[in-house]
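Take a look at the structure below.
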Amino acid sequence: MTGLNYVIVGAGSAGSVVANRLSENVFDHILLLEAGGDENEISDIPGLVHYLQLSDLDWKYKTEPQANACLGYTGNRCNWPRGKVLGGSSVLNYMLYVRGNRRDYDNWESMGNAGWGYDDVLPYFKKSEDNKNPYLARNKPPWRTPIAELYVRAGVELGYPNVDYNSRSQREKERDVPRQKPFLRPANKRKNLHVAKHSFVTKILIDPDTRKVRGVRLHRYGKIYNIFARKEVIVSAGPLTVLGGLEGVGFVDTIYAEEPEWPDIEFHLLTGTFASDGGRQLRKTIGFTERSWRAVYLPIAFRDAINIFPKLLRPASRGTIRLRSRNPFIKPLIDPNILTQLDIQD
Ligand SMILES: Cc1cc2nc3c(=O)[nH]c(=O)nc-3n(C[C@H](O)[C@H](O)[C@H](O)COP(=O)(O)OP(=O)(O)OC[C@H]3O[C@@H](n4cnc5c(N)ncnc54)[C@H](O)[C@@H]3O)c2cc1C
């Protein structure tokens, strides 16, 4: 393919937005490359997200065995799901719309990333939330479980304020925001946007003389192609760069939070448990050992129950993601090193 202005690697949350925005200019030809294929009907239902994990839509990453964590899972290894599909991890995520905390953006900016401060990115969030995009223009889910209301009331009773976690401070009421949906669908009729699924990029091609990026090498259906871009190559391939992301239901400044308005713990409420289906599927996708399944979940199989996940937002423990091999098809070595530093105090 010739005459391309931009090549985008990875059609996930980031790549889809970039493809949408760049293809607004009809004179620019854009190629969006995605290692995975199309999503399916199940991915439109947030509650069924676990049924997509370990499917062909998932990269099926696993951590290295952990000494202090993942102890209830086979081989002391946790599954680390990441989307390998048009839409990326947004296809198998919980669809919670979370802008993120002001302090984190400002922190990234202070580390030398100009343009990533909260005041820089906020207009772009608002642009996406302007309710003109039919895939985004819904402020609230059509049905809410009464348990969600009770959960919030319980938090208020304990003394935590009921706030909008998408507000500037995550501590004040601001507005409801729409759920996240792909940006690709509204753009897919544009003739200047070309999308190539099942295209696995293995190399960024750099001109040896100018040291400038010229294109990428990709593998597709057993063939290898070199593709060049006149203007830019944009790498938005998620796990190739960074694993992780933003999630959320309730953010809490505990008494250990170093600074106010920068919560250090997040509580995820799930109105069901990994035993809700009696062990038919969720038990396998999570990877429980026989022992932990029998001890914790079997007694509540098929019962009405809820799960609350506490998550550390700024853990002291540090992990690594390293290449295991020069072969790009071999998965990286993921060692989150969970709870190796003092993260929890009485
Ligand atoms: C289980 C789960 C639940 C989550 N829940 C939420 C939530 O409720 N709310 C929220 O805000 N966030 C949530 N997140 C986080 C959020 O989904 C991610 O932060 C976000 O999708 C990351 O976007 P991204 O574009 O950086 O990467 P991704 O969306 O992961 O996209 C990267 C894309 O690049 C492709 N790719 C990778 N390597 C190559 C290659 N070599 N060649 C070609 N293509 C390649 C991948 O297949 C993928 O499609 C969740 C994440 C997970 C895994």
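Near the amide H of LEU32, within less than 5 Å, lie the amide hydrogens of ILE8, HIS194, VAL195, ALA196, all on another chain or at least 5 residues away, with H placed in the peptide plane.
Here region 35-123 is treated as an ellipsoid with the same Cα gyration tensor; its semi-axes, largest first and in whole Å, are 29, 21, 12. Among the listed pairs LYS84/LYS197; LYS126/LYS231; LYS126/LYS189; LYS62/LYS331; LYS62/LYS197, which have their C-alpha atoms separated by more than 19 angstrom in this model? From the list (LYS84/LYS197; LYS126/LYS231; LYS126/LYS189; LYS62/LYS331; LYS62/LYS197), the Cα-Cα distance tops 19 Å for LYS126/LYS231; LYS126/LYS189; LYS62/LYS197. Rounded to whole numbers, the Karplus 3J(HN,Hα) couplings from phi for region 120-129 are 6, 8, 4, x, 6, 4, 5, 4, 6, 9 Hz, using 6.51 cos²θ - 1.76 cosθ + 1.60 with θ = phi - 60°, and x at Gly and Pro. Derived scalar couplings between HN and Hα for region 219-233 equal 10, 9, 6, x, 10, 10, 10, 9, 10, 10, 10, 5, 9, 8, 10 Hz in order, rounded to whole Hz, by the Karplus curve 6.51 cos²θ - 1.76 cosθ + 1.60 (θ = phi - 60°), x for Gly and Pro. Note that region 154-165 has calculated 3J(HN,Hα) couplings of 5, x, 5, 4, 7, x, 8, x, 8, 10, 8, 6 Hz, one per residue in order, obtained from phi through the Karplus relation 6.51 cos²θ - 1.76 cosθ + 1.60 (θ = phi - 60°); glycine and proline are x.
Amide H to amide H distances under 5 Å link VAL85 with GLY36, where only residues 5 or more positions off or on other chains count and H is placed in the peptide plane. Summary of the geometry: region 269-327 and region 23-48, compared by the centres of their Cα atoms, lie 28 Å apart. Here the calculated FRET efficiency for GLU290 and LEU54, from their Cβ-Cβ distance with R0 = 25 Å, stands at 0.85, rounded to the nearest 0.05. Annotation: amide H of LEU205 within the under-5 Å range of ARG214, GLY215, VAL216, ARG217, sequence separation 5 or more or interchain, hydrogens built in the peptide plane.
Take each of the peptides 149-155, 81-87, average the number of other beta-carbon atoms within 10 Å over its residues, and list them starting from the highest. Don't skip to the end; give the middle numbers.
Details: 149-155: 13.1, 81-87: 24.3.
The packing order, highest mean first, is 81-87, 149-155.
So, R0 is 41 Å and r is the distance between the beta-carbons of LEU342 and THR271; what FRET efficiency does that work out to, to 0.05? Don't skip to the end; give the middle numbers.
Details: r = 33 Å, r/R0 = 0.80.
Efficiency for this residue pair is about 0.80.
Applying 0.36 nm per residue to the separation of ARG324 and ASP104 and subtracting their alpha-carbon distance, the gain on full extension is 76.2 nm.
On a full-extension model of 0.36 nm per residue, what is the gain between MET111 and ASN68, subtracting their alpha-carbon distance, rounded to one decimal in nm? Write out the running numbers ahead of the final one.
Working: separation 43, 0.36 × 43 = 15.48 nm, distance 3.09 nm.
Contour length minus Cα-Cα distance gives 12.4 nm.
Between LEU312 and VAL152, what FRET efficiency comes out of the Förster formula 1/(1 + (r/R0)^6) with R0 = 22 Å and r the beta carbon distance, rounded to 0.05? Walk me through the numbers on the way to the answer.
Values: r = 22 Å, r/R0 = 0.99.
Step by step, r from the Cβ atoms, then E = 0.50.
Rule-based calculations on the coordinates, nothing more; no lab input. Predicted, not measured: the structure shown is a model, and the values here were computed from it. We place every Cβ from the backbone using ideal geometry, glycine too, and count neighbours over all the protein chains shown.
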